[in-house]
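Novice: Supplied in structure tokens, the structure appears directly below.
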Amino acid sequence: MKVVGIGGTLRDGSSTERLVGAVLAACARKGAQTQLFGGSTLAALPHFDPQGGERTQAEAQLVEAVRACDALVIGSPGYHGGVSGLVKNAIDLLEDLREDARPYFDGRPVGLVVSAAGWQATGVTLGALRGIVHAMRGWPTPLGIAVNSVVQRPFAADGSLADDDIAGAVEAQATQIMAFGKVPA
Ligand SMILES: Cc1cc2nc3c(=O)[nH]c(=O)nc-3n(C[C@H](O)[C@H](O)[C@H](O)COP(=O)(O)O)c2cc1C
């Protein structure tokens, strides 16, 4: 199973990117091949042009990876009560999958992760991501991960997950992704 992760910010040690990476790592332990498009990779994408035309190498790599994947993990910080522009721009580029036999995220599970400084933004942004995944024909996993980066302090200095509740949620979401996204024999 191929699982693609999309998400992060340009902040050094982005908690969003680390959380998406943690879900991917849990999927990898369960046998998945994983690929992460983190903050700096997403920042190399130009603003999405709906008129199409020649795509950059960075754009083509993201579109091809999602086209070939069996499942996704998408993470966003809560920025001003919603999905960050960096992450949304990457999602908008996936409009290039509209004419595919299996358009957008069709039939695939999508694990969702939000990191924000307050609980209100975690909930609102998670709801917004669920709406986006529904619009793109994907199946948000029952468990979304909402992390309060101020109250919970999810990571230790070495970048490892330091919160048992979050670690449990990461493991549970990975289990749901792998169960739903299982490639038929
Ligand atoms: C431009 C900007 C807008 C933000 N807006 C909100 C917000 O509306 N609500 C909130 O709880 N936190 C807000 N935050 C805080 C971030 O969501 C929080 O620090 C998050 O954990 C950052 O993710 P990162 O560690 O991946 O960079 C904002 C931060 C920035 C930089």
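All of the numbers you see were taken from the coordinates with simple rules; none came from a lab. Quick caveat, the model's predicted, so the values are computed rather than measured. All Cβ positions, even for glycine, are placed from backbone atoms using ideal geometry, and neighbour counts span all protein chains on display.
Novice: Can you tell me which condition Gln33 does not meet? The list is (1) surrounded by fewer than 16 Cβ atoms within 10 Å (Cβ to Cβ); (2) among the polar types (S, T, N, Q); (3) within 16 Å of the ligand (Cβ to nearest atom); (4) under 16 Å from the mean Cα position of the chain (by Cα), and all the others hold.
Specialist: Of the numbered conditions (1) surrounded by fewer than 16 Cβ atoms within 10 Å (Cβ to Cβ); (2) among the polar types (S, T, N, Q); (3) within 16 Å of the ligand (Cβ to nearest atom); (4) under 16 Å from the mean Cα position of the chain (by Cα), the odd one out for Gln33 is (3).
Novice: Among all residue pairs at least 6 apart or on different chains, which show Cβ distances below 8 Å where the first residue, located in the range 6-30, is surrounded by fewer than 23 Cβ atoms within 10 Å (Cβ to Cβ) and the second is aliphatic (A, V, I, L, M) and part of a helix (DSSP H, G or I)?
Specialist: Qualifying pairs under 8 Å: Leu10/Ala43; Leu10/Leu86; Arg29/Ala174; Lys30/Ala174; Lys30/Met178.
Novice: If we keep just the residues of the range 1-30 that are part of a helix (DSSP H, G or I) and away from the ligand (no atom under 16 Å from the Cβ), which is farthest from the chain's Cα centre (by Cα)?
Specialist: Result: Arg29.
Novice: When you go through Ser149, Ser76 one by one, which is the residue that is within 16 Å of the ligand (Cβ to nearest atom), under 23 Å from Ala28 (Cα atoms), in contact (Cβ under 8 Å) with a residue 24 or more places away in the chain and among the hydroxyl-bearing types (Ser, Thr, Tyr)?
Specialist: None of the others qualify; the one that does is Ser76.
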